[in-house]
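*Asks:* Handing you this structure, nothing more for now.
The values are calculated or read from the model by the stated rules, or taken from the named source; none is laboratory data. The structure presented is a predicted model; accordingly, all values stated were derived computationally and were not measured. So basically every Cβ, Gly included, is an ideal-geometry build from the backbone, and we count neighbours across all protein chains shown.
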Amino acid sequence: MATYNGEKFLAQQLDSIFAQTFQDFILIICDDASSDNTVQIIHNYIKNFSSIDLYENISSLGVVQNFKKGISLTQTPYIALCDQDDIWETNKLEILLKEMYFLELSFKNIPLMVHSDLSLINENNQLVADSFFDFKSYKFKEDKDITQMLGRCGVMGNTILMNSLLKEKALVLIDYVKVHDYTIALLAEIYGKRKTLYLPLVKYRIHNSNVSNSIKRVEKHYRFSFSSLYEINTKLPYRNEGRELLLEKLLLDDKITLEDKNKIKIFLSYLYLEANSIVIFYRLMKENFVRKGIFYRSKLLLRLFLKNRLLNSVF
């Protein structure tokens with residue numbers, strides 16, 4: 001668990017962890033120089049739960065580096081990632097571990113990852129949506145699907161259980177991208193095996209302090225209409241997140257198949273905008289790198305045109 005100024009919801013997250021039906025775990029908490037009561041709350045729990053190992057950063061490392069530190073400190077065969085403001089379903093660890101054991105029966109000595117769906121709750125624990133996958137229109141193939149992981153991904157870090165082989169891969173490459181779950185999910189898809197569970201095992205809290213999602217963004221999702229097609233800017237999905245550096249690094253690995261490298265190159269051509277708008281849009285649609293939906297894709301096409309016009313006017 002990575003914490004930073006999480007006093008408001010931290011106790012609920014910790015309570016849900018120590019209410020798990022599976023209890024044979026060590027909870028590693030890395031606090032990123034919190035200035036509120038986060039550390040004191042953790043110390044109060046340590047009095048009752050000896051399985052907590054707390055590490056306090058002298059200065060802030062940032063989200064990705066703090067998670068990396070926590071992952072690097074693990075010495076167990078499996079690692080589950082945890083946010084500071086969610087609520088776990090009581091059988092989360094038990095279910096994820098059972099699925100991991102099943103994976104290991106068929107796949108030996110490779111990186112493995114199990115992840116699940118989530119429900120959405122607000123600051124008052126009121127249900128916002130039954131399924132994060134449905135809310136975001138995420139569907140996962142049972143077999144390997146590198147195009148999904150390169151683009152829209154959909155794997156949420158707070159549902160991930162990975163084995164130590166995936167951990168070792170992630171620690172080498174996790175520095176490049178702004179969100180650690182993208183790196184872990186992509187590496188599992190390329191080098192190992194993923195298992196997706198369409199069962200919400202985390203109550204994912206949406207609030208305006210949330211790093212990746214907020215109430216405002218959720219409300220915007222629900223208010224989407226034809227008029228929003230005119231609310232166009234030039235921001236394009238997935239660009240300027242550090243993905244380019246990670247993907248360039250992966251292209252240097254001789255262990256990655258030519259087919260996977262070709263998919264990576266196609267996605268990189270979008271990130272670098274190496275063709276005209278129509279060609280880029282066609283590639284994105286053909287490979288299914290982006291979310292489906294006529295409104296979303298129409299806005300994306302308009303943004304591509306605007307971005308290309310802006311770049312052409314500059315150069």
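*Asks:* When residues of segment 233-261 are filtered for being of a type in the set (A, V, I, L, M) and assigned to a helix (DSSP H, G or I), how many remain?
*Replies:* The number of residues fulfilling the criteria is 6.
*Asks:* State yes or no: is Gly157 at pLDDT 60 or above, among the small types (Gly, Ala, Ser) and more than 17 Å from Phe267 (Cβ to Cβ)?
*Replies:* So Gly157 passes the test.
*Asks:* Say whether the condition of being in contact with a helix residue (DSSP H, G or I) (Cβ under 7 Å, 6 or more places away or on another chain) and more than 30 Å from Asn240 (Cβ to Cβ) is met by at least one residue in segment 111-118.
*Replies:* Yes - at least one qualifying residue is present in segment 111-118.
*Asks:* When the residues of segment 124-135 are narrowed to those that are of a type outside the set (Phe, Trp, Tyr) and closer than 13 Å to Tyr198 by Cβ, which ends up surrounded by the most Cβ atoms within 10 Å (Cβ to Cβ)?
*Replies:* Taking the candidates together, the pick is Ser131.
*Asks:* Now a separate question. When you scan segment 1-88 for helices (runs of 4 or more DSSP H) that lie fully inside it, which ones turn up with 2 or more residues that are among the aliphatic types (A, V, I, L, M) and closer than 22 Å to Ala185 by Cα?
*Replies:* The helices (runs of 4 or more DSSP H) meeting that bar are 63-72.
*Asks:* Residues that are assigned to a loop (DSSP other than H, G, I, E, B), hydrophobic (A, V, I, L, M, F, W, C) and either in contact (Cβ under 8 Å) with a residue 40 or more places away in the chain or in contact with an Asp or Glu (Cβ under 8 Å, 6 or more places away or on another chain) (or both): does segment 95-103 have at least one?
*Replies:* no
*Asks:* Quick check on Val279: is it surrounded by 13 or more Cβ atoms within 10 Å (Cβ to Cβ), in a loop (DSSP other than H, G, I, E, B) and not basic (Lys, Arg)?
*Replies:* Considered against the rule, which asks whether it is surrounded by 13 or more Cβ atoms within 10 Å (Cβ to Cβ), in a loop (DSSP other than H, G, I, E, B) and not basic (Lys, Arg), Val279 comes out as no.
*Asks:* Looking for something under 26 Å from Leu302 (Cβ atoms) and either at pLDDT below 95 or assigned by TED's automatic domain parsing to the domain that holds Val114 (or both) - is there at least one such residue anywhere in segment 195-208?
*Replies:* no
*Asks:* Residue by residue through segment 275-297, note down the ones that are in contact (Cβ under 8 Å) with a residue 60 or more places away in the chain and at negative phi.
*Replies:* Leu284, Glu287, Phe289, Val290, Arg291, Lys292, Phe295
*Asks:* Considering each of Met162, Met100 in turn, give the residue that is assigned by TED's automatic domain parsing to the domain that holds Gln75, under 21 Å from Leu73 (Cβ atoms), surrounded by 21 or more Cβ atoms within 10 Å (Cβ to Cβ) and not acidic (Asp, Glu).
*Replies:* So the residue among Met162, Met100 that is assigned by TED's automatic domain parsing to the domain that holds Gln75, under 21 Å from Leu73 (Cβ atoms), surrounded by 21 or more Cβ atoms within 10 Å (Cβ to Cβ) and not acidic (Asp, Glu) is Met162.
*Asks:* Right, another one. State all residues of segment 105-148 that are hydrophobic (A, V, I, L, M, F, W, C) and part of a strand (DSSP E or B); if no residue qualifies, say none.
*Replies:* Leu112, Met113, Val114, Leu118, Leu120, Ile121, Leu127, Val128, Ala129
Results for (1) under 22 Å from Thr159 (Cβ atoms); (2) surrounded by 13 or more Cβ atoms within 10 Å (Cβ to Cβ); (3) out of contact with any Gly (no Cβ under 8 Å at 6 or more places or on another chain); (4) in contact (Cβ under 8 Å) with a residue 24 or more places away in the chain, shown as yes or no for each residue.
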residue	(1), (2), (3), (4)
Lys8	yes, yes, yes, yes
Ile17	yes, yes, yes, yes
Asp24	yes, no, yes, no
Leu27	yes, yes, yes, yes
Asp32	yes, yes, no, yes
His43	no, no, yes, no
Glu56	no, yes, yes, yes
Leu61	no, yes, yes, yes
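*Asks:* Here are some conditions: (1) assigned to a helix (DSSP H, G or I); (2) surrounded by fewer than 17 Cβ atoms within 10 Å (Cβ to Cβ); (3) in contact with a Leu (Cβ under 9 Å, 6 or more places away or on another chain). Glu274 meets all but one. Which one does it not meet?
*Replies:* Failing condition for Glu274: (1).
*Asks:* I need a count of the residues in segment 63-82 that are surrounded by 14 or more Cβ atoms within 10 Å (Cβ to Cβ) and either basic (Lys, Arg) or closer than 15 Å to Met113 by Cα (or both).
*Replies:* 8
*Asks:* Taking segment 219-232 only, how many residues are in a loop (DSSP other than H, G, I, E, B), surrounded by 13 or more Cβ atoms within 10 Å (Cβ to Cβ) and at pLDDT below 50?
*Replies:* 1
*Asks:* Residues of segment 105-123 being of a type outside the set (Ser, Thr, Tyr), in contact (Cβ under 8 Å) with a residue 24 or more places away in the chain and surrounded by fewer than 23 Cβ atoms within 10 Å (Cβ to Cβ), which ones?
*Replies:* Selection gives Phe107, Asn109, Ile110, Leu120, Ile121, Asn122, Glu123.
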